[in-house]
Amino acid sequence: MNVHQKIIELEKLIAHHHLLQKEILSHEEAAKYIGISESYLYKLTRQITHFCPSGKRKYYLRKDLDAYMLSGKRKSNYEIINEIN
């Protein structure tokens, strides 16, 4: 890995760390935070709580994005067997 690639990787880490520090994320930041495109996030706005204070721009609470990412849990076979017993 050359110096330029290392700098790019460090910039990505700093940007991601910045997102972890914020409680309110813009639409662009929210898409980056959960690792999807902005257009796909627009499709998910029916499933993810968001705010539109001016009627246009969307904002998300990081905790709501985390809750969405943790929804739809699928149990492992081990968990299912333990519930049966």
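Each reported figure results from applying straightforward, stated rules to the coordinates on display, with no laboratory input. All values reported here derive from a predicted model rather than from experimental measurement. As a convention, Cβ positions derive from the backbone with ideal geometry for all residues, glycine included, and neighbour counts pool all protein chains shown.
With unit charges on the beta carbon (Lys/Arg positive, Asp/Glu negative), name the residue among Pro53, Leu41, Val3 whose Cα is farthest towards the positive pole of the charge dipole of the chain.
Most positive-ward Cα: Pro53.
Normalising by the residue count of the chain, find the relative contact order in percent from Cα pairs under 8 Å and 6+ residues apart.
Over the chain, the number comes to 27 percent.
Students often get this wrong, so try it: which of (i) 102; (ii) 123; (iii) 160 is volume of the Cα convex hull per residue in Å³ as calculated from the structure shown?
Of the listed options (i) 102; (ii) 123; (iii) 160, (iii) comes from this structure.
Please identify the helices of the chain, taking whole runs of DSSP H, that span at least 24 Å along their own axis as judged from the Cα atoms and have a mean Kyte-Doolittle score of -0.5 or higher.
Once both thresholds are applied, what remains is 3-21.
Which FRET efficiency value, to the nearest 0.05, is calculated for Arg46 and Ile7 with the Förster distance at 35 angstrom and r the Cβ-Cβ distance?
Between Arg46 and Ile7 the formula returns 0.35.
Taking the Cα centre as origin and putting +1 on Lys and Arg beta-carbons and -1 on Asp and Glu beta-carbons, what dipole magnitude results for the chain, to the nearest 20 debye?
That gives a dipole near 260 debye.
Return the subset of Lys6/Lys43; Lys32/Lys56; Lys12/Lys75; Lys32/Lys63; Lys6/Lys56 for which the Cα-Cα distance in this structure is over 26 Å, preserving the input order.
Lys6/Lys43; Lys12/Lys75; Lys6/Lys56
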